Amino acid sequence: MTTNLDMLIKGEKVTGQAAAFDVLNPATEEVVASCHAASEAQLNDAVSAAQEAFKSWQYSTDDDRKAMLHQIADKIEANAAELAEIVVKEQGKPMFLAQAEVGGAVAWTRYAAELDIPVEVIEDTDTKRIEVQHKPLGVVGSITPWNWPLMIAIWHIAPALRAGNTVVCKPSELTPLNTLKLIELMNEVLPAGVVNVVLGGGEIGGAMSEHQGINKIIFTGSTPTGQKIMRSAASNLKRLTLELGGNDAGIILPDSNIAAIAEGIFQTAFLNMGQTCAALKRLYVHDSQYDEVCQALTTICEAQSVGNGLHEGTTFGPVQNVMQLNKVVELVEDAKQNGAKVLCGGAKTEGVGYFFPPTIIADVTNGMRIVDEEQFGPVLPVIRYSDVDQAVEMANSSSVGLGGSVWSTDVAKAQQIAQKLECGTAWVNGHAEVLPHAPFGGCKMSGFGVEFGQAGLLEYTQPQTININK
C-alpha cells in the first residue's frame, strides 16, 4: 500500500502544519500511517484555491464535466485493488465489502456524470419567456465520516462537480487514507484547485463550517455535530445538506415468512458491522413470531466468521474505533442490568482488535437505552408488540427519522403501514438500500436535504429565474 499522506491543495501535495495523528487498523490496533492535520492557514489556502478554480470551472460545459467524471470513474476502477485494501486496513470491514464499496463508488460516479440539470420553462408566449435555471453555488465543503469513507466521499463530491462547484473536503481523521488516494486520482483529471483535501479533526470541520469562503456544507455524521455546523453556517447563510444520526425501526407483520426474510433482516441490520446510518437498528416483532425471529437471527449471527478483514473467509470485521466500541459495550451492559436477555454475542472478543460479535438482544422495550439510542454497532434489540398500531407508535417515538421498514407477505398492507412511519425513506421487505437514482435524506433530528438522483443534484445549485420580455 503506497498511499500518499499529504493533503492536496491547488493540485499540489502539502504536508499539514498542525498536530500529527495516527491512523489505526481496528483489527490489529497497529498504526497504518501517521498524518499531519491542516493549519487554519492551510484551510484558507484550500478555500482560496477552490474559489479561484470556480471562476472558470463554473463555466465548463456539461459535456466536459461528464467526460471528466467518467475519467475519474476509470481511475477508481484502475486502482480498485489498492483502494479496497486501504479501506480494509483503516476502516476494518471485510475485503468483500470493501470491494463492494469501491464498485459502488465507480457506479455512483458514472451515474452522477450522466445526470442533467433541467431548465424549467414557466411561461413561453409571444411576448414573454420565463424559465428557471440552476447555477452552481461556488465552493462546497464536504465533511465525511469513518464508516463508508470512500463511498460517502463520492456521494458528496461527484454531484458537486457535476453541478459546476469546486470542493474542499475533510475526511474523518480515523479514515483519511482512501480519501487522500481518491483526491490524488481526481487531480490527475481535474484542473488544479477544483477538488482539494485537508486533514484534521473537529477543529478543522468547525473552521470549515464558519468559513466565509465556503458556500455550502454537506455533512454525514452525528446529530450533535450537525447542530454545531448549522449554528456556524449562519455566519454567511451557507446552504446545508445534513445526513445525521438514525435509529431505524423495522416492523415484521405477523403474516411474514420468517425463513424467507431472516437473512435480509440480518444483512440490513448488521451491514458494515451495524455501522451504517440507515441500518435497521430496532426490530419490532409480533408476539406470535417473536421466538421464531429471535432464533432465526441468532442462528445466522452464530454462523459469522469474525476477524481481520484481510483474512480469507472473514465475514464480520471489527468496530472501527475504540470510542464506538466502548459505546456498544456500555449499551449492552445497560440492557443486561435492566433485564434484557443476550441471545448471542454480547461481549468484546478477548485479545487484540476492536472485535464485538453480532449480538441479538431480546426482552427489551422502548425506554431502554439499547432501544432509544443509536448503537451504531453490531447489536440488534428485538422488541415485542401485540398490535400493529402499537408497533408504529413505538417506531415513531424516536426523535430521529432517517429510515424505516415493514416486512410482510401482503405488500399493499405493508405499504400502507410504511407510509405511517416518520422517516425519510420507508422500505417494504428491505432496508438500508440506497440507490443513486432515489432521493435519500432524513426528517426530524436526522437532518434535512436529500442526496442522490436529480433532487440530490439540485441541492448543489441555486435556482435563478430568468424573466424575458420579448
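The values are calculated or read from the model by the stated rules, or taken from the named source; none is laboratory data. Predicted model, so just to flag it, every value in this text is computed and none were measured. Note that we place each Cβ from the backbone using ideal geometry, even for glycine, and neighbour counts take in every protein chain shown. For accessibility, only protein heavy atoms count, side chains too; no ligands or nucleic acids. Shrake-Rupley method; radii C 1.70, N 1.55, O 1.52, S 1.80 Å.
Qualifying GluC sites (Glu not before Pro) in the range 117-220, where qualification requires a DSSP coil assignment and no more than 11 other C-beta atoms within 10 Å, comprise GLU188. Based on every Cα atom in the range 262-301, Rg and the maximum pairwise Cα distance Dmax equal 10.4, 30 Å. Relative to the dominant Cα principal axis of the chain, helix 290-302 is inclined by about 70°. Name the shape class, rounded, prolate or oblate, that the alpha-carbon gyration tensor gives for the range 320-404, where a ≥ b ≥ c are the square roots of its eigenvalues, rounded holds for a/c under 1.5, and otherwise prolate holds if a/b is larger than b/c and oblate otherwise. Since a/c reaches 1.5 and a/b is larger than b/c, the shape of the range 320-404 is classed as prolate.
Measuring nothing but protein heavy atoms, the accessible surface of the range 200-249 at 1.4 Å probe radius is 58 percent carbon and sulfur. Any idea what angle helix 223-233 forms with the longest principal axis of the chain, computed on alpha-carbon atoms, 0 to 90 degrees, nearest 10? For helix 223-233, the angle is close to 20 degrees. Summing Cβ point charges (Lys, Arg +1; Asp, Glu -1) relative to the Cα centre of the range 129-203 gives a dipole of roughly 280 debye. Note on the chain: Cα-only Rg and Dmax are 22.8, 78 Å.
Amide hydrogen proximity for GLN462: with H placed 1.01 Å from N in the peptide plane, the residues at 5 or more positions away or on another chain lying under 5 Å are LYS135, LEU137. Helix 177-187 and the long axis of the chain differ in direction by around 30°, with both axes built from C-alpha atoms. For the listed residue pairs LYS216/LYS348; LYS135/LYS420; LYS181/LYS228; LYS10/LYS444, the alpha carbons are over 31 angstrom apart in LYS216/LYS348; LYS135/LYS420; LYS10/LYS444. Put simply, when 231-242, 446-457 are sorted by average Cβ atoms within 10 angstrom per residue, most first, you get 446-457, 231-242. Along the range 99-107 the Karplus relation, 6.51 cos²θ - 1.76 cosθ + 1.60 evaluated at θ = phi - 60°, assigns HN-Hα couplings of 5, 5, 5, 5, x, x, 4, 5, 4 Hz to successive residues, with x for each Gly and Pro. What the Cβ-Cβ distance of GLU292 and SER56 gives, at R0 = 56 Å and to the nearest 0.05, is a FRET efficiency of 0.35.
For the chain, DSSP calls about 45 percent of its internal beta bridges antiparallel. Considering only beta bridges that DSSP places wholly inside the range 115-195, some 40 percent are antiparallel. In summary, the aspartates and glutamates within cross-link reach of LYS336, defined as a Cα separation below 12 angstrom excluding same-chain residues under 8 places away, comprise ASP363. About the centre of its Cα atoms, the chain shows a dipole size close to 920 debye [charges on the beta carbon of Lys, Arg (+1) and Asp, Glu (-1) only; nearest 20 debye].
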